[in-house]
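See below for the structure under consideration.
The values are calculated or read from the model by the stated rules, or taken from the named source; none is laboratory data. All values derive from a computational prediction rather than experimental measurement. Cβ sites come from the backbone with ideal geometry, for glycine too, and all protein chains shown count toward neighbours. We work out accessible area using only protein heavy atoms, side chains counted, and drop any ligands, DNA or RNA first. Shrake-Rupley method; radii C 1.70, N 1.55, O 1.52, S 1.80 Å.
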Amino acid sequence: MEAEINDGLFYKSAAELEKLLNSGEISSVELTKKMIDRTKAIDGKLNAFISFDEEKTLDEAKESDARRKVGKKLSPIDGIPVGIKDVISECGQPLTCGSKMLEGYIAPYDATVIGRMRDAGCVLWGRINMDEFAMGSSNENSHYGPVANPWDTTRVPGGSSGGSAAAVASGEAVLALGSDTGGSVRQPAAFCGIVGLKPSYGAVSRYGLVAFASSLDQIGQLGRSSEDVATLFQVISGHDENDSSSYNFEKKDYAAEVRNFQRKKTIGVPKEFFGDGLDSEVKSAVEDAISFYENAGHKIKDVHLEMTEYAMAAYYIIATAEASANLARFDGIRYGYRSNAAQNAVDIYYRTRGEGFGAEVKRRIMLGTFVLSSENFESHYLRAQKVRTLIRRDFMRVFDDVDALITPVTPTTAFKIGEKTSDPLQMYLADIYTVPINLAGFCGLSVPCGFSSGGLPIGMQVIGKPFHEHEILALGNEFERAHEFKNMHPAL
Ligand code: GLN
């Protein structure tokens with residue numbers, strides 16, 4: 001019996017594991033220990049974890065088992081190990097943001113999402129690798145080294161939550177948290193063949209998430225199925241008075257909605273997302289998925305989002321402007337790293353920032369400072385904000401007639417490590433289909449929908465109205481139930 005359970009254990013969904021926990025076939029301690037051992041055995045190939053605290057993690061699993069024994073389980077994911085992107089504060093644990101700048105820094109408080117996961121009994125499993133300060137599309141910008149894609153370790157897992165996606169795809173974690181400013185949950189989920197949700201802006205508290213671009217950042221969930229992602233979203237979402245941008249919306253029972261949602265929907269297909277630059281295999285996999293929905297009785301409608309053409313330009317002005325302001329706090333005085341070579345106070349700032357930040361972060365800070373300077377503010381920053389408003393209106397107009405949109409997540413499958421590092425603009429284009437959703441504040445889900453001839457995962461993006469996560473998760477679940485993609489795993 002033991003062997004039978006262990007065989008598939010690493011690739012079971014949280015929902016399946018909950019049944020085994022409930023029946024006593026496994027304990028949370030056994031499950032967590034196996035994840036730890038697996039990570040020790042295979043993470044040398046992937047580099048998905050920056051650090052973990054084995055004792056603390058096992059203590060949490062023990063507490064979960066004790067609760068379950070007396071019938072006091074706190075949630076469906078009580079006792080389930082969830083990886084945490086190293087940009088979210090967990091009290092007493094390192095918080096590096098993938099940067100040398102925060103080397104040695106220990107988080108002094110819990111992010112709201114961490115507090116909610118504690119209340120739900122989750123096992124907070126390790127600090128997960130990421131692009132420095134969540135800037136990147138390949139996870140090659142981490143001070144702690146690049147992360148490899150479990151399907152092909154010569155390729156990137158996507159970014160910036162590439163560690164989170166690699167950990168879930170390889171069976172090192174059951175679920176993971178990431179953050180998504182322009183695509184950083186959906187794009188790595190697509191590259192690694194798992195499900196990733198970017199919630200609506202304001203649906204999940206950003207308190208305790210180290211800010212990159214505050215008007216775009218959302219904490220997202222990565223898992224093996226839409227149902228699992230719905231359960232984690234259920235636990236962490238909802239209004240928080242510690243985050244003034246969090247919205248007081250009516251929460252649903254997401255996991256139940258996902259399982260029971262039967263209504264036939266109108267699904268829009270925006271032509272602008274299927275043009276030049278889209279790989280033909282990705283295109284046909286997403287088109288096949290659209291046909292699946294049509295055959296299942298949903299209505300498919302061609303729509304237009306003309307303004308999305310300007311999304312990348314607007315994003316790289318707004319995101320860098322906000323980043324330059326947010327990252328001003330890393331001054332060598334208050335957090336983490338301080339240069340030893342500094343001669344005086346001003347020198348501390350210059351040298352610490354010069355030595356502590358990597359090249360991509362510096363590029364963003366310089367660009368952001370430039371667009372916010374008095375000469376460029378109106379011509380660049382204000383104009384980008386106006387474009388953002390037009391993009392949002394485009395989405396709102398289209399959603400008058402549809403319940404969801406389906407698009408590709410990425411123009412290509414996972415590219416080679418090193419392939420795009422010398423050309424930042426090429427790298428930025430990896431998020432061309434995800435960035436508009438952040439600018440508009442809508443929600444987006446990445447769902448595995450095929451494989452390339454080279455055996456690399458392909459994802460589709462299901463986009464929903466703000467605070468309609470249940471609708472896109474239900475569509476994701478409907479597709480997963482009829483396909484085998486979620487049962488396919490990398491050979492590691
Ligand atoms: N790749 C995009 C960027 O580098 C998005 C990053 C993100 O979503 N955190 O800005």
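Search segment 82-95 for residues that are under 20 Å from S184 (Cβ atoms) and in a loop (DSSP other than H, G, I, E, B) and pair each with any residue that is of a type in the set (D, E) and at pLDDT 95 or above when their beta-carbon atoms are under 9 Å apart and the residues are at least 6 apart or on different chains.
Qualifying pairs under 9 Å: S89/D110; E90/D110; L95/D86.
Can you report the number of residues in segment 363-376 which are of a type in the set (G, A, S), open to solvent by 70 Å² or more (accessible area, probe 1.4 Å) and part of a helix (DSSP H, G or I)?
Initially, segment 363-376 is screened for residues of a type in the set (G, A, S), giving 368, 373-374.
Then drop every residue that is not open to solvent by 70 Å² or more (accessible area, probe 1.4 Å), which leaves 374.
Add one more test, that the residue is part of a helix (DSSP H, G or I), and what stays is none.
Number satisfying all stated conditions: 0.
If we keep just the residues of segment 300-324 that are of a type in the set (G, A, S) and crowded, with 16+ Cβ neighbours inside 10 Å, which is nearest to the ligand (Cβ to nearest atom)? Quick ask: steps written out before the conclusion?
Filtering segment 300-324 down to residues of a type in the set (G, A, S) leaves 311, 313-314, 319, 321, 323-324.
Adding the requirement that they be crowded, with 16+ Cβ neighbours inside 10 Å leaves 311, 314, 319, 321, 323-324.
Details: A311: 12, A314: 13, A319: 6, A321: 12, A323: 8, S324: 13 Å.
Per the stated criteria, the residue is A319.
Only one of these is open to solvent by 80 Å² or more (accessible area, probe 1.4 Å), touching a helix residue (DSSP H, G or I) at 6+ places or on another chain (Cβ under 9 Å) and closer than 30 Å to H298 by Cα: R397, R393. Name it. Break it down stepwise before answering.
Values: R397 fails: touching a helix residue (DSSP H, G or I) at 6+ places or on another chain (Cβ under 9 Å).
On inspection, the qualifying residue turns out to be R393.
Which residue out of E309, E287, E281 is acidic (D, E), under 18 Å from V435 (Cβ atoms) and under 25 Å from the mean Cα position of the chain (by Cα)? It would help to see each step written out before you state the result.
Values: E287 fails: under 18 Å from V435 (Cβ atoms); E281 fails: under 18 Å from V435 (Cβ atoms).
Only one candidate passes the filter, namely E309.
Which ones in segment 279-299 are open to solvent by 30 Å² or more (accessible area, probe 1.4 Å) and touching a Ser or Thr at 6+ places or on another chain (Cβ under 8 Å)?
Scanning segment 279-299 gives D279, E281, K299.
Can you name every one of the strands (runs of 3 or more DSSP E) wholly within segment 116-198 that holds 1 or more residues which are within 13 Å of the ligand (Cβ to nearest atom) and within 11 Å of the chain's Cα centre (by Cα)? Don't jump to the end; show me each part of the working.
On the way: elements: 123-128, 175-180, 195-198.
Strands (runs of 3 or more DSSP E) meeting the threshold: 175-180, 195-198.
Select from segment 414-434 the residues that are within 15 Å of the ligand (Cβ to nearest atom) and either crowded, with 24+ Cβ neighbours inside 10 Å or among the polar types (S, T, N, Q) (or both) and list them in ascending order.
If the condition is that a residue be within 15 Å of the ligand (Cβ to nearest atom) and either crowded, with 24+ Cβ neighbours inside 10 Å or among the polar types (S, T, N, Q) (or both), then A414, T421, Q426, A430, D431, Y433, T434 are the ones that fit.
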